[in-house]
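Undergrad: Handing you this structure, nothing more for now.
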């Protein structure tokens with residue numbers, strides 16, 4: 001299973017910098033491009049490319065190891081995309097190869113993103129046997145007409161089958177749904193919500209349909225072949241999701257995420273709470289703290305105020321054994337990092353503590369948000385209100401806009 005944590009011992013005098021305990025791996029392949037998607041991916045061409053991507057990804061991971069750093073057992077590993085499950089058996093090999101490089105903690109959360117058209121009971125069982133604990137299934141809707149308009153490769157029956165396959169393999173199942181799709185009635189939206197839960201989902205992410213520039217959906221809208229999402233209908237759908245999923249035992253823990261008890265995404269919580277995370281793969285994004293950034297050579301030697309570094313890989317695949325260069329490196333000061341933690345923390349129902357708010361110098365901004373009914377302050381924590389969920393951009397921009 002690649003779980004090396006039991007034998008992973010760091011000598012007491014090891015002064016190397018420990019790298020993050022969270023890892024994101026991007027598999028940039030899809031059967032076809034969905035109408036709304038602007039994530040980096042290329043069209044899948046088959047098994048030879050699959051083997052090359054596995055080897056390439058592992059080399060990228062090994063490339064981060066320098067004499068100044070060491071791995072620690074991973075708390076979370078997330079393989080996303082793209083569509084990782086198009087790799088088929090090579091996805092099992094990728095999990096094995098990654099965990100041969102980095103040990104897993106004994107209770108690690110290991111997630112793979114799956115699309116119904118490339119996820120079978122056999123693959124689900126093989127992944128579970130290799131140590132995968134969680135599947136995030138890209139369902140988007142159980143309305144077949146909506147799936148066609150979104151450019152999805154599956155129908156509602158295949159979506160339900162994929163959820164059941166993951167659950168039957170013993171995986172925790174998360175499902176992505178898109179709300180605000182033009183032409184989808186309130187009744188159809190409710191059927192999608194209830195249907196994925198009936199099929200076995202214990203975590204549901206609900207995202208509004210967003211029209212991104214240069215996507216097929218944006219072009220279709222521009223020439224009148226598709227309609228813009230209606231904002232009021234989208235808000236109604238978000239409210240319906242909160243009500244229906246709540247009635248089914250799901251708790252909302254982030255603006256777009258609902259989970260049964262014990263089924264929150266630990267990997268995504270790491271993103272929202274400022275935990276460093278490594279990343280590999282074309283188009284992948286990662287974030288390390290100041291000490292890690294200096295050890296990895298990502299921060300200038302003369303900068304002592306580095307709070308964190310965000311980096312991204314170039315969005316393309318390179319042939320042979322060539323490694324993808326980083327396409328961007330963003331340096332944040334200690335103060336900026338604290339403010340970002342405060343902003344992202346307000347995505348969550350738990351909000352942020354008084355200590356974080358004070359350290360980030362955002363108390364005044366939060367008090368103004370309380371006055372406007374977007375935030376509440378109770379028991380030493382600042383939390384978004386129901387209205388704050390709907391006007392999240394105002395909450396985030398007011399916090400981020402604080403002048404140091």
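The values are calculated or read from the model by the stated rules, or taken from the named source; none is laboratory data. Values in this document were obtained by computation on a predicted structure and should not be read as measured data. All Cβ positions, glycine included, derive from the backbone under ideal geometry; neighbour counts span all protein chains shown.
Here's the yes/no breakdown for (1) outside any helix (DSSP H, G or I); (2) in the same structural domain as residue 136 (by TED's automatic domain parsing); (3) more than 22 Å from residue 316 (Cα to Cα):
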| position | (1), (2), (3) |
| --- | --- |
| 59 | no, yes, no |
| 72 | yes, yes, yes |
| 76 | yes, yes, yes |
| 96 | no, yes, yes |
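Undergrad: Tell me, yes or no, whether region 76-99 has at least one residue that is without any contact (Cβ under 8 Å) to a residue 24 or more places away in the chain and surrounded by fewer than 21 Cβ atoms within 10 Å (Cβ to Cβ).
TA: Pass one, region 76-99, residues without any contact (Cβ under 8 Å) to a residue 24 or more places away in the chain: none.
No: zero hits.
Undergrad: Looking at residue 364, is it part of a helix (DSSP H, G or I), touching a residue at least 24 places away in the same chain (Cβ under 8 Å) and touching a strand residue (DSSP E or B) at 6+ places or on another chain (Cβ under 7 Å)?
TA: Numbers: part of a helix (DSSP H, G or I): yes; touching a residue at least 24 places away in the same chain (Cβ under 8 Å): yes; touching a strand residue (DSSP E or B) at 6+ places or on another chain (Cβ under 7 Å): no.
It is false that residue 364 is part of a helix (DSSP H, G or I), touching a residue at least 24 places away in the same chain (Cβ under 8 Å) and touching a strand residue (DSSP E or B) at 6+ places or on another chain (Cβ under 7 Å).
Undergrad: Go through 297, 281 for me and flag whichever is at positive phi and touching a strand residue (DSSP E or B) at 6+ places or on another chain (Cβ under 8 Å). Working first, answer last.
TA: Working: 297 fails: touching a strand residue (DSSP E or B) at 6+ places or on another chain (Cβ under 8 Å).
Just one listed residue meets the conditions, 281.
Undergrad: Is it true that residue 111 is assigned to a helix (DSSP H, G or I), crowded, with 24+ Cβ neighbours inside 10 Å and either outside the structural domain of residue 13 (by TED's automatic domain parsing) or touching a strand residue (DSSP E or B) at 6+ places or on another chain (Cβ under 9 Å) (or both)? It would help to see each step written out before you state the result.
TA: On the way: assigned to a helix (DSSP H, G or I): no; crowded, with 24+ Cβ neighbours inside 10 Å: yes; either outside the structural domain of residue 13 (by TED's automatic domain parsing) or touching a strand residue (DSSP E or B) at 6+ places or on another chain (Cβ under 9 Å) (or both): yes.
In short, no.
Undergrad: Could I ask something else about it? Condition first: without any contact (Cβ under 8 Å) to a residue 24 or more places away in the chain and either in contact with a helix residue (DSSP H, G or I) (Cβ under 9 Å, 6 or more places away or on another chain) or under 30 Å from residue 283 (Cβ atoms) (or both). Can you find one or more residues in region 303-311 that meet it?
TA: Checking region 303-311: at least one residue is without any contact (Cβ under 8 Å) to a residue 24 or more places away in the chain and either in contact with a helix residue (DSSP H, G or I) (Cβ under 9 Å, 6 or more places away or on another chain) or under 30 Å from residue 283 (Cβ atoms) (or both).
Undergrad: Looking only at region 1-20, count every residue that is at pLDDT 90 or above and either more than 22 Å from residue 278 (Cα to Cα) or surrounded by fewer than 20 Cβ atoms within 10 Å (Cβ to Cβ) (or both) and tell me the total.
TA: So the answer is 3.
Undergrad: Can you find, within region 390-404, the residue that is surrounded by the fewest Cβ atoms within 10 Å (Cβ to Cβ) among those that are farther than 26 Å from residue 236 by Cα and out of contact with any helix residue (DSSP H, G or I) (no Cβ under 7 Å at 6 or more places or on another chain)?
TA: Our first condition is that a residue be farther than 26 Å from residue 236 by Cα; within region 390-404, this holds for 399-404.
So of that shortlist, the ones also out of contact with any helix residue (DSSP H, G or I) (no Cβ under 7 Å at 6 or more places or on another chain) come out as 401, 403.
Values: 401: 11, 403: 4.
Only one residue fits best here, namely 403.
Undergrad: With the requirement that a residue be in a strand (DSSP E or B) and loosely packed, with under 15 Cβ neighbours inside 10 Å, what does region 377-389 give you?
TA: Applying the first criterion (in a strand (DSSP E or B)) to region 377-389 yields 377-378, 381-384.
Correct list: 378 only.
Undergrad: Kindly state which helices (runs of 4 or more DSSP H) lie completely within region 177-261 and contain at least 2 residues that are in contact with a strand residue (DSSP E or B) (Cβ under 7 Å, 6 or more places away or on another chain).
TA: Numbers: elements: 186-199, 216-222, 231-247.
In region 177-261, the matching helices (runs of 4 or more DSSP H) lie at 186-199, 231-247.
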